[in-house]
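**Student:** Here it is, the structure, as structure tokens.
The values are calculated or read from the model by the stated rules, or taken from the named source; none is laboratory data. In this text, all values refer to a predicted model and were calculated from it rather than measured experimentally. With ideal geometry, Cβ positions are generated from the backbone for all residues, glycine too; neighbour counts draw on all protein chains shown.
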Amino acid sequence: MHLPSASSTTKLCLRLHPERDADLIAWLETLADLPFGNKGEAVKVALRRGISMEEESQPAAAAELLAQVRAVVEAAVAAALANVQFVTRPSATLTPTSETDVLLDALGEDLTL
């Protein structure tokens, strides 16, 4: 295929196969009664619509990529936390003033509000 210059036109020829392209053939048949030139314009509109849908789908691809990155980060954090041990320390400065404090002291935990 050669690229046309600014003053020339490009001709597009397609071969449609009944089994694979039945939807396109049916759509083209709906254009059969259009006046001269309108069928070509309808094909151009459809092509442009397809191009714009392709461009609009790129943000969706970015959202999918972001979801994949998030999954990788979550897995890495989970793996890192799997190796972390939490150590509790008894509180020596607090004296139990309620039943909850007594139970927390028995567990070796602090309740901070």
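**Student:** Give me the pairs: first residue in segment 24-46 and in a loop (DSSP other than H, G, I, E, B), second residue not aliphatic (A, V, I, L, M), beta-carbon distance under 9 Å, and six or more apart or on different chains, which are they?
**Tutor:** Listed pairs, sorted by first residue: LEU31/ASN38; LEU31/LYS39; ALA32/LYS39; LEU34/GLU41.
**Student:** Quick one: would you say GLU54 is modelled with pLDDT under 75, part of a helix (DSSP H, G or I), charged (D, E, K, R) and within 30 Å of PRO18 (Cβ to Cβ)?
**Tutor:** Considered against the rule, which asks whether it is modelled with pLDDT under 75, part of a helix (DSSP H, G or I), charged (D, E, K, R) and within 30 Å of PRO18 (Cβ to Cβ), GLU54 comes out as yes.
**Student:** Applying the selection to segment 80-113, what residues are surrounded by 10 or more Cβ atoms within 10 Å (Cβ to Cβ) and modelled with pLDDT under 70?
**Tutor:** Scanning segment 80-113 gives PRO90, SER91, LEU94, PRO96, GLU109, ASP110, LEU111.
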